[in-house]
Protein chains: 2
Amino acid sequence: MGNSQKITMAHGSGGSATRKLIQDLFHKYFQNDVLDKMEDAAVLDIPSGKIAYTTDSFVVTPIFFQGGDIGKLAVCGTLNDLLVMGAEPKYLSVGFILEEGMDIRDLEEIIKSMALTAEESGVKIVAGDTKVIEGSGGIYINTSGIGLINHKPFHTSNVKPGDAVIVSGSLGNHHACILSHRMNIKNTISSDCAYLGEMVQNLIKANIEIKAMRDVTRGGLATVLNEIAESSNTTINLKEGSIPVDPEVKSFCDILGLDPLYMANEGKIVCFVSREDAEKALSIIKNSRFGEKAAIIAEVSERENVAVTVTTRIGGKRILNVLQGEGLPRIC
Amino acid sequence: MGNSQKITMAHGSGGSATRKLIQDLFHKYFQNDVLDKMEDAAVLDIPSGKIAYTTDSFVVTPIFFQGGDIGKLAVCGTLNDLLVMGAEPKYLSVGFILEEGMDIRDLEEIIKSMALTAEESGVKIVAGDTKVIEGSGGIYINTSGIGLINHKPFHTSNVKPGDAVIVSGSLGNHHACILSHRMNIKNTISSDCAYLGEMVQNLIKANIEIKAMRDVTRGGLATVLNEIAESSNTTINLKEGSIPVDPEVKSFCDILGLDPLYMANEGKIVCFVSREDAEKALSIIKNSRFGEKAAIIAEVSERENVAVTVTTRIGGKRILNVLQGEGLPRIC
């Protein structure tokens with residue numbers, strides 16, 4: 001496609017311009033045996049059993065940032081949601097909503113990034129759709145995904161008193177990265193946007209009994225732990241000093257008065273295992289891609305009055321609530 | 001929820017406002033055993049075999065119109081895409097992108113409409129996501145869907161010379177309805193937005209061999225027939241007088257210079273069967289819900305120079321191309 005081409009309303013018509021866009025970009029980069037059939041729906045062979053199925057929309061701004069872009073985010077985010085249910089991600093659908101005026105070169109970069117991330121993750125993009133709306137060149141992406149579950153699905157209700165809580169790496173990087181871009185602050189903070197398939201696969205291969213797992217995105221660790229404590233009817237006790245935060249992110253947070261516990265991540269999971277499995281699981285995560293900064297950060301106890309507490313460095317306890325208010329808009 | 005409540009950025013934070021929105025609206029209306037687990041992905045039992053999988057985003061404006069709303073459209077559109085592959089739709093995911101300032105009562109109406117349409121169609125909404133962006137109160141909905149294929153999937157490459165082409169009803173109603181709303185023209189034209197499960201089920205039950213089937217949406221019948229002619233390497237010959245168009249839609253088109261063959265529909269399918277099965281299939285469609293105005297409109301021949309021709313009333317032939325240009329923006 002030309003140098004200065006922009007998305008127009010015609011690209012959303014369903015007619016010849018739509019078809020050209022599909023051929024020149026989507027099919028060029030996403031091509032596979034299923035998508036190439038160009039039917040109204042993909043036909044997939046599924047072995048008998050359980051599947052995991054999820055959806056997520058992505059509206060992040062800016063659309064390109066240190067460590068990723070909206071396309072990589074849209075693939076990793078949905079794949080990680082499948083992973084944390086204990087599924088092996090296999091298929092993705094992609095729905096683009098493009099604003100009139102979008103630079104087609106930017107769209108091409110995003111599509112290349114999605115294709116590369118999908119390929120690295122061993123999944124196929126098998127269904128797609130494109131719509132065009134008025135606006136000023138923005139893009140929104142929905143992905144849905146299907147994964148195969150080959151063993152007992154993880155479930156937050158499996159969490160029991162005595163379990164240990166592992167976070168797979170340092171917190172707040174994606175949030176600090178996006179905010180830095182928006183505030184035009186120059187630093188080297190990179191989004192943690194990543195697919196965590198290898199890490200979870202390694203835990204399963206080592207026969208670690210994963211009770212529950214969640215990815216730590218919007219709302220931050222505090223919000224996720226509250227949700228798990230509620231659905232398992234337990235209390236989770238976090239140790240303040242144990243939470244990994246990169247020094248540059250910490251400085252950034254200190255200056256702006258941000259708390260990494262409420263900040264969004266895009267390549268972090270929190271994992272619940274029995275106390276006996278905790279050190280082994282930690283070591284496996286640390287030796288997996290994107291897991292080197294993992295830490296045991298909390299333990300689960302019988303339900304008290306509150307869902308999540310933090311034991312401070314001087315031994316006091318405070319309540320850790322879910323995120324109130326708006327966080328950072330359009331973070332993912 | 002209160003009378004004058006609006007969507008704010010906080011509803012997209014992933015924190016407490018998001019959770020309240022999910023509980024007060026999504027879970028209230030969409031509730032089922034799978035969704036109620038509130039995990040990162042739904043876990044579904046799938047029998048061994050083939051599934052159909054598709055996605056579609058909906059950006060129609062206005063969001064409420066005669067005969068439907070964006071929610072009903074988002075459910076019917078994706079279910080019909082599964083149907084035309086020969087699948088029995090079972091599960092849906094829903095991704096909402098809401099603009100700040102959206103009236104929560106309007107959102108509730110849309111959600112109720114989606115829940116009702118899903119229930120009537122026998123499908124479960126099992127996964128969801130909500131994001132909030134800046135804007136002026138609009139809404140975009142992505143749905144993806146999974147259906148089970150219990151027999152040979154329909155495929156456009158099955159179409160052969162000699163096959164008959166049936167359209168399931170009159171053309172242009174959705175397009176004319178949306179355009180009437182936009183132009184503030186008062187008339188009784190209603191969108192044809194509908195789920196066509198009963199019709200397709202009746203054809204299958206009667207052992208009609210459906211070669212291929214497509215729903216006739218953006219781009220209109222002309223565009224769909226061109227796509228099928230291309231992928232089956234045939235020519236499709238349309239008879240001009242045979243195409244059903246409601247009198248009020250015809251008048252509307254005559255005044256505005258519109259061609260129903262290029263207009264969008266949201267509850268119409270085009271069905272390819274052998275010549276021998278054509279009358280029986282037509283009669284089954286006519287006796288099914290939403291099929292009373294069905295007609296045999298074309299026949300398939302060996303590939304000529306062009307994909308689709310129209311035989312005019314006086315016996316001449318013209319070429320029918322795919323939709324060029326932009327059609328009507330935000331029609332679905």
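Which of A:172, A:315, A:68 ends up with the largest GNM mean-square fluctuation for chain A, with Cα atoms connected below 10 Å?
A:315
Please turn the phi angles of the stretch A:280-291 into ³J(HN,Hα) values with the Karplus equation 6.51 cos²θ - 1.76 cosθ + 1.60 (θ = phi - 60°), one per residue in order, whole Hz, x for glycine and proline.
5, 4, 4, 5, 5, 5, 4, 8, 9, 4, 6, x
Would you calculate the separation in nanometres between label points at residue A:105 and residue A:230, each defined as 7 Å from the Cα along the Cα-to-beta-carbon direction?
Once both label points are built, they end up 4.7 nm from each other.
Nearest 20 debye, what's the magnitude of the dipole of the stretch A:28-70 about its Cα centre given +1 on Lys and Arg Cβ and -1 on Asp and Glu Cβ?
In debye, rounded to 20, the stretch A:28-70 gives about 120.
How long is the gain from residue B:283 to residue B:36 if the chain were fully straight, where each residue apart is worth 0.36 nm and the alpha carbon distance is subtracted?
Contour length minus the Cα-Cα distance gives 84.7 nm.
Let me know the number of lysine pairs in the stretch B:9-149 closer than 23 Å at the Cα, not counting same-chain pairs under 8 apart.
So the count of such lysine pairs works out to 25.
Which of B:216, A:34, A:322 has the fewest other C-beta atoms within 10 Å, and how do the rest follow up to the most?
Fewest-to-most ranking of B:216, A:34, A:322: A:34, A:322, B:216.
Cross-chain or 8 or more residues apart, Cα under 28 Å: how many lysine pairs in the stretch B:179-332 fit that? Count them up, please.
Final tally of qualifying lysine pairs is 29.
Could you work out how far apart the two model spin labels at residue B:151 and residue B:250 are, taking each label as a point 7 Å from the Cα in the direction of the beta carbon, and quote it in nm?
3.5
What's the magnitude of the charge dipole for the stretch A:43-194 around its Cα centre, counting Lys and Arg as +1 and Asp and Glu as -1 at the beta-carbon? Answer in Debye, nearest 20.
500
Once amide H atoms are built 1.01 Å from N in the peptide plane, which residues 5 or more positions from residue B:124, or in another chain, come under 5 Å H to H?
Distant-sequence amide H within range of residue B:124: B:91, B:92.
Counting each pair of different Cα atoms once, what's the Kirkwood radius of chain A in Å, rounded to one decimal?
About 20.8 Å for chain A.
May I ask for the distance between the Cα centers of the stretch A:137-176 and the stretch A:25-102, given as a whole number of Å?
Using only Cα atoms, the two centres lie 16 Å from each other.
To test your reading of the geometry: what angle, between 0 and 90 degrees and rounded to tens, separates the Cα axis of helix A:173-182 from the longest principal axis of chain A?
Roughly 50 degrees, rounded to the nearest 10.
Taking neighbour counts of Cβ atoms within 10 Å as a proxy for exposure, in what order, fewest first, do B:36, A:163 appear?
Arranged by neighbour count, lowest to highest, B:36, A:163 become B:36, A:163.
For chain B, find the longest principal axis of its Cα atoms and tell me its angle to the long axis of helix B:247-256, 0 to 90°, nearest 10.
Approximately 90 degrees, to the nearest 10.
If amide hydrogens are placed 1.01 Å from N in the peptide plane, which non-local residues have theirs closer than 5 Å to the one on residue A:317?
Here the answer is A:312, since their amide H atoms fall under 5 Å of that of residue A:317.
Sort A:275, A:19 so the one with the fewest other Cβ atoms within 10 Å of its own Cβ comes first.
A:275, A:19
Amide H neighbours of residue B:148 under 5 Å, at least 5 residues apart or on other chains, H built in the peptide plane: list them.
Excluding prolines and chain starts, which carry no amide H, the hits are B:52, B:88, B:90.
Considering every Cα-Cα pair within the protein assembly as shown, what fraction, in whole percent, is farther apart than 38 Å?
Of all Cα-Cα distances in the protein assembly as shown, 34 percent exceed 38 Å.
Apply the Karplus curve 6.51 cos²θ - 1.76 cosθ + 1.60, θ = phi - 60°, to the phi angles in the stretch A:318-327 and return the couplings in whole Hz, x for Gly and Pro.
10, 7, 10, 7, 6, 4, 9, x, 9, x
Please turn the phi angles of the stretch A:194-199 into ³J(HN,Hα) values with the Karplus equation 6.51 cos²θ - 1.76 cosθ + 1.60 (θ = phi - 60°), one per residue in order, whole Hz, x for glycine and proline.
6, 8, 9, x, 4, 4
Assuming a ≥ b ≥ c are the square roots of the Cα gyration tensor eigenvalues, decide whether the stretch B:156-319 counts as rounded (a/c under 1.5), prolate (otherwise, with a/b larger than b/c) or oblate.
oblate
A short reminder: the numbers here are calculations on the coordinates, not readings from a lab. Just so it is clear, the structure is predicted and the values come from calculations on it, not from any experiment. Quick reminder, even Gly has a Cβ in these numbers, built from the backbone with ideal geometry, and neighbours come from all protein chains shown.
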